[in-house]
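Let me begin by presenting the structure, written as C-alpha cells, before commenting on it.
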Amino acid sequence: MKKIIVLFLIVFGFNHAEAVKFDELDKVPQGAHAGQMFLNGWVSMGLPFGSVLTAEHNFLKNNIYEVSPDIFKMLWVEHLNFGAGASFEYMPINHLGIKTKLGYMGIFQKTQFGSDNRNWSKSLYRELAFMVGPSAHLANRKSWDLTFTPYGGYAIAIYKPTPIAAILLENYTSAKSKNVSNFALGAELALVGYFSGGFFMSLGLDWNLRFLNFGDGFNLTQNNTTFFHGRKSSNINTFNVIISAGYAFLN
C-alpha cells in the first residue's frame, strides 16, 4: 500500500512539473481559480472519542495508584490525538479542486494525576493515511477563501490496547498490538488567506472517522473487569484544529 501511495505522488507531481510557472511567485496574490495548484504542509491536534476509548476509561477507573509516598490517585486517563502531513490540490475549474492528503496521526493515552505529580503518556493508536476528495472553494480570485473538502481513503494503522495499565498495574500484561488497517473517512472546513509570492495559510476544523476490526477480539481482565467485553470491532472519531501553510502555483 505504501508503494502505491508513493508512486501516485511521484507520477502526479512529474505530470505537472513542466507546467508550473514560477514567475507567479512574484505577483500579487490572485487567490484560488482554475489552473491553480496548492502544495502545503499541515499539523493538527484534537480530541478522539469512540466506544473503544470509553472501554479504556472504564477498564482503568476502579484502580488506585500510589503516585508518591502516602498519596493515592484514581487511575483516570485522557486521550489526545496529533497529526502532521502534506497535501496537494489541483483546480481544473473555478470553485472546485481535487485534493490529496497524506498524513500521520497518533492517539496518546495520558494519566490525569494533576500537575503536581508525575504523569505517564503512551501511544494507543498510530496510522499512516492516504485520502482524496473534491474541494469546494467559496471565493474566486480573492485574497481569502472558505473551503470544504470531504475525504475518503485508507489508513495503515496499529492499535495497542491498555498501554497505561501495562506499565502501572501489577500482575497485568497488556495484549499485543493489533493491525487495524481500515477504510477512512473525513472532512475539513478551512478559512484560507493568500499572500504575495504565492504563499498561503489556512486555519480549519478537521473530522476523521476510522473503522477498526480487532480480529479475534480481546481477552483482558483486571479487578474483575473485562476489557471491551469481547467485542471485535469499533470506530474512532477525531475532531481537530488543523493549521496548514504552503505555496500556490499556476498551471
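Structure notes:
- Extension gain from ALA34 to ASP70, taking 0.36 nm per residue of separation minus the Cα-Cα distance: 6.3 nm
- A simple count of charges around PHE148, restricted to other residues whose Cβ falls under 15 Å of its Cβ and scoring Lys, Arg +1 and Asp, Glu -1, yields -2.
- Whole-percent pair-distance distribution, where bins are 10 Å wide, for the alpha carbons of the chain: 7, 28, 26, 18, 13, 7, 1
- Charge tally in the Cβ shell below 15 Å around PHE227, where Lys, Arg are +1 and Asp, Glu are -1, PHE227 excluded: +4
- Normalising the average separation of contacting C-alpha pairs (under 8 angstrom, six or more residues apart) by the number of residues puts the relative contact order of the chain at 24 percent.
- In degrees, nearest ten, helix 51-60 long axis to first principal axis of the chain (Cα): 30 degrees
- Extreme residue, positive dipole direction of the chain, given options THR147, LEU212, GLY230 (C-beta unit charges): GLY230
- The angle between the Cα long axis of helix 2-17 and the longest principal axis of the Cα atoms of the chain comes to about 20 degrees, rounded to the nearest 10.
- Selection from GLN112, HIS57, PHE249 lying farthest towards where the dipole of the chain points positive, charges on Cβ: HIS57
- Assigned charges on the beta-carbon of Lys, Arg, Asp, Glu; the range 2-250 dipole about Cα centre (debye): 500 debye
- What separates the Cα centres of the range 33-77 and the range 131-187 is a distance of 13 Å.
- Sum of -39500 (n - 2.57) over DSSP H runs of 4+, divided by residues of the chain (222 nm, nearest 500): -4000 deg cm²/dmol
- DSSP bridge orientation in the range 108-251 - percent antiparallel, rounded to nearest 5: 100 percent
Any read-out appearing in this document is the output of simple, stated calculations on the displayed coordinates, not a laboratory observation. Keep in mind the model is a prediction, meaning the values are calculated, not measured. Quick reminder, even Gly has a Cβ in these numbers, built from the backbone with ideal geometry, and neighbours come from all protein chains shown.
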